[in-house]
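First the structure, in the form of structure tokens, and then the observations on it.
Values in this text are rule-based calculations from the coordinates and carry no lab data. It should be emphasised that the depicted structure is a prediction, and the values quoted were computed from it without experimental measurement. Note that we place each Cβ from the backbone using ideal geometry, even for glycine, and neighbour counts take in every protein chain shown.
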Amino acid sequence: MSVRYGIDLGGTKIELIALNGDGAELFRNRIPTPVGDYRGTVAAIADLILSADSGLDCDKTGGQPTVGIGIPGTISPSTGLVKNANSTCLIGQPLDRDIEARLGRPVRLANDADCFALSEAADGSRGRHSIVFGVILGTGVGGGLVVDKKIVRGPNAITGEWGHNPLPWPDLAHDESPGPECYCGRSGCIETFLSGPGLCHDASDFEKTQTFENAESVVDAAADGNAMAQAALHRYVYRLSKALASVINVIDPNVIVLGGGLSNIPLLYEEVPKIWDAFIFSDTVETQLLPPKHGDSSGVRGAAWLWPNTN
């Protein structure tokens with residue numbers, strides 16, 4: 001039996017899933033991420049894998065499973081080190097090599113948004129479409145592009161990094177230019193508006209006496225009639241529409257699939273396609289905006305699919 005491990009290295013949790021050759025789930029486990037601790041993160045991933053080996057009794061099931069890991073960044077083609085990670089303790093580190101040294105077996109790393117898009121294109125309901133753009137709307141904002149069920153990496157390993165472009169068609173009345181400062185060193189990046197912290201900042205800043213702990217609390221407050229939260233959510237929908245329109249203008253995907261915590265807002269799928277038409281350079285718009293078939297599991301499943309089927 002061929003077994004693949006997929007690992008999703010998130011800002012607050014590390015999740016492992018084991019899939020058989022048909023994509024059926026065999027095992028799943030989740031542990032907290034050692035936040036800000038690179039060596040602790042390497043050790044935690046290795047321990048999670050070794051624990052899964054023991055739980056599946058891999059010596060009796062066809063040898064060691066393959067290991068694919070989705071990370072909130074990417075490996076630089078020039079240095080072999082992690083770059084562009086919003087989990088900044090990973091930046092400049094040889095993450096794949098350090099994990100391989102701990103395990104004594106090869107691993108494959110990819111951007112978490114690439115893994116998400118690959119999962120949806122490989123075994124999600126989007127498999128019939130040739131061009132799939134996967135979007136992560138969470139602690140950060142990322143993207144991955146899959147064409148004919150293959151990740152498009154690009155020579156700089158930054159394909160899909162729409163979150164660090166400026167928000168298009170900025171509205172000066174709502175302080176969209178120059179915009180909030182971003183950890184990347186610039187201001188007004190899409191991520192500063194469309195991430196969970198970005199939504200919280202916008203809602204909290206609008207009324208100085210009120211703050212929100214997370215994006216879910218903003219959505220809940222809007223549903224309860226809080227006018228400030230409703231206004232922030234309205235701005236969020238409009239900004240997402242503009243930002244995705246710019247993606248469609250460049251790559252013209254069949255499908256855009258939303259992932260991350262903010263993908264659970266039903267309003268996005270209803271309202272964004274009504275708004276983005278005005279910004280898309282076409283007389284008709286066939287691109288679909290869809291939720292992920294596998295929900296929160298898409299990223300971790302895509303990491304497992306980084307290895308080919310050996311059945």
Taking each pair of different alpha-carbon atoms in the range 131-291 once, compute 1/r for the pair, average those values, and report the inverse of that mean as the Kirkwood hydrodynamic radius in Å to one decimal. 16.0
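Within the set of other residues whose C-beta is less than 14 Å from the C-beta of T284, count the net charge using Lys and Arg as +1 and Asp and Glu as -1.
Working: positive: none; negative: D252, D277, D283, E286.
With Lys, Arg at +1 and Asp, Glu at -1, the neighbours total -4.
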Which net charge results for the neighbourhood of G80, defined as the other residues with beta-carbon distances under 9 angstrom from its beta-carbon, given Lys and Arg at +1 and Asp and Glu at -1? 0
Vicinal HN-Hα couplings computed from phi for the range 236-249 (Karplus, 6.51 cos²θ - 1.76 cosθ + 1.60; Hz; Gly/Pro x): 4, 4, 5, 5, 4, 4, 5, 5, 5, 4, 5, 5, 4, 5
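Out of the chymotrypsin sites (Phe, Trp or Tyr not before Pro) in the range 273-311, which ones are loop residues according to DSSP with at most 16 other C-beta atoms within 10 Å?
F281
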So for the chain, taking the charge dipole from beta-carbon charges (+1 Lys/Arg, -1 Asp/Glu), which of V247, A222, V67 sits furthest toward the positive end? V67
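To the nearest 20 debye, what charge dipole does the range 1-140 have about its Cα centre, counting +1 at the Cβ of each Lys and Arg and -1 at the Cβ of each Asp and Glu? If you can, show how the numbers build up before the last one.
Values: 13 positive and 16 negative charges, 39 e Å.
Computed charge dipole of the range 1-140: roughly 180 debye.
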Only helices counted: for the chain, with every DSSP H run of 4 or more residues adding -39500 (n - 2.57) and the sum spread over all residues, [θ] at 222 nm is -11000 deg cm²/dmol
Taking the Cα centre as origin and putting +1 on Lys and Arg beta-carbons and -1 on Asp and Glu beta-carbons, what dipole magnitude results for the range 131-216, to the nearest 20 debye? 580
Ranked list, fewest to most other Cβ atoms within 10 Å of each Cβ, for L268, L50, L145: L50, L268, L145
Three principal axis lengths of the chain [C-alpha, angstrom, descending]: 62, 43, 41
Mind checking which of S78, V300, T192 is farthest towards the positive end of the chain's charge dipole, using Cβ charges of +1 (Lys, Arg) and -1 (Asp, Glu) about the Cα centre? S78
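By count of other Cβ within 10 Å, fewest leading, how are V219, V285 ordered? Walk me through the intermediate numbers first.
On the way: V219 24, V285 15.
Going from sparsest to densest Cβ surroundings: V285, V219.
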Would you be so kind as to identify which of Y183, L233, L90 lies farthest towards the positive end of the dipole of the chain, taking Lys and Arg as +1 and Asp and Glu as -1 on Cβ and the Cα centre as origin? L90
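Let me spell out the model: positive unit charges on the Cβ of Lys and Arg, negative unit charges on the Cβ of Asp and Glu, origin at the Cα centre of the chain. What dipole size does that give, in debye rounded to 20? Before the final figure, lay out each step's value.
Numbers: 24 positive and 37 negative charges, 185 e Å.
Result for the chain is approximately 880 debye, rounded to the nearest 20.
Counting alpha carbon pairs within less than 8 Å and at least 6 residues apart, what relative contact order, in whole percent, applies to the chain? Present the calculation step by step, with values, prior to reporting the outcome.
Values: 631 pairs, mean separation 64.6, N = 311.
Normalised by residue count, the contact order of the chain is 21 percent.
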Phi-derived 3J(HN,Hα) across the range 186-194 with the Karplus relation (6.51, -1.76, 1.60, θ = phi - 60°), rounded Hz, x for Gly and Pro, is 10, 10, x, 5, 3, 4, 5, 9, 9
Taking the Cβ of E161 as the centre, find all other residues whose Cβ is under 15 Å away and add up their charges (Lys, Arg: +1; Asp, Glu: -1). 0
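Among S195, S298, S76, rank each residue by its count of other Cβ atoms within 10 Å, from fewest to most, as a rough exposure measure.
Values: S195 26, S298 29, S76 16.
Listing S195, S298, S76 from fewest to most nearby Cβ atoms yields S76, S195, S298.
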